[in-house]
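See structure below.
The values are calculated or read from the model by the stated rules, or taken from the named source; none is laboratory data. Remember, predicted model here, so these are calculated numbers, not experimental data. Heads up, the Cβs are rebuilt from the backbone with ideal geometry, glycines too, and the neighbour counts pull from every protein chain shown. Keep in mind that these areas ignore ligands, DNA and RNA; they rest on the heavy atoms of the full protein, side chains included. Shrake-Rupley method; radii C 1.70, N 1.55, O 1.52, S 1.80 Å.
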Amino acid sequence: MTILPAVDIRNGKCVRLTQGDFQKEIVYSDFPEDQAAKWEESGAKFLHVVDLDGAREGHLINIFAIKKILDAVDIPIEVGGGVRTMNDMETLLDMGVSRVILGTIAVEKPELVRDAARTFGGENVIVGIDAREGVVAVHGWGDTGYMKADDLAMRIGDYGISTIIYTDISRDGTLAGVDAEKFANIAAKSGISLIASGGVKSLDDIRALKKFEHSGITGVIIGKALYENKINLAEAVKIAE
């Protein structure tokens, strides 16, 4: 199981939101690339990077900040937020991004997800399912009601995608702990690898998720717990591996 520290970018800065609320923002660094380098030095093997402005506006915005992160670290990174076209995906992958994350278009344009998997490879394109009370949220988590998250998860494998990121919005940024069984059930239903996101508060959450690795949980994204020093990254990586 892989630990992926989250580096969320808004206005060029490294921030964390609570439950995706842009009004509940904490700025942790003016230089996301420095934060990314810190996580690499602390033992991270992969980084989860989100262009929050891009997610809300519908197109990549913090591309310059993403390039700086790529220049600052040697470990692979995945990027989501505002990735809505084949050109967006090609731009990121050509820059050196290892995986691009598709969210809104997986709901609105599933055929584009299929095309992306064929063009760039199912291992280089992953789908982010962001759910509030079991219902998918899109457009930077601003809109909900499109479909049940479980239903979308079960479709992703048919698109040629090998991994999903499932975010529990109600717990994201709250340090409320994870619902490991929920993630395990989603992973089992989807039949593909699942990266869990939302609510991690302690090493016990990592241990709980690790128990369900056999169900298909292959990674966990950690944000606020790292930034608030609730979790030691090196210890988390040791448990996960």
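Antiparallel DSSP bridges in the stretch 85-241: what percent, to the nearest 5?
25
Would you mind giving the three semi-axes, in whole Å and largest first, of the ellipsoid equivalent to the stretch 198-241 according to its Cα gyration tensor?
The three semi-axes for the stretch 198-241 are 18, 10, 8 Å.
Please compute the contact order of the stretch 61-115 in relative form: average sequence separation of alpha-carbon pairs under 8 Å and at least six residues apart, divided by the residue count, as a percent.
33
In debye, nearest 20, what is the charge dipole magnitude of the chain about its Cα centre with +1 on Lys and Arg Cβ and -1 on Asp and Glu Cβ, if you could check?
Dipole size: approximately 400 debye.
Taking 8 Å as the Cα distance limit and 6 or more residues as the minimum spacing, I'd like the relative contact order of the chain as a percentage.
Value for the chain: 19 percent.
Report, in whole Å, the centroid distance computed from the Cα atoms of the stretch 82-142 and the stretch 162-241.
Comparing the Cα centres of the stretch 82-142 and the stretch 162-241, I get a distance of 20 Å.
As a test, work out the antiparallel percent of DSSP beta bridges whose residues both lie in the stretch 1-145, rounded to the nearest 5.
About 45 percent, rounded to the nearest 5.
Could you tell me the accessible area of Val73 in Å² (1.4 Å probe, neighbours in place), rounded to the nearest ten?
Approximately 10 Å² of Val73 is accessible to the 1.4 Å probe.
Hey, with R₀ at 22 Å, roughly what FRET efficiency would Thr2 and Asp151 work out to, going by the Cβ-Cβ distance, to 0.05?
Using R0 = 22 Å, I get an efficiency of 0.25.
Select from Asn11, Ile77, Val127 the residue farthest towards the positive end of the dipole of the chain; place +1 on Cβ of Lys and Arg, -1 on Cβ of Asp and Glu, and compute about the Cα centre.
The listed residue farthest towards the positive side: Val127.
For the chain, report the translational diffusion coefficient in µm²/s to the nearest whole number, using Stokes-Einstein at 37 °C, 0.692 mPa s, and a Kirkwood Rh over Cα pairs.
Result for D is 190 µm²/s.
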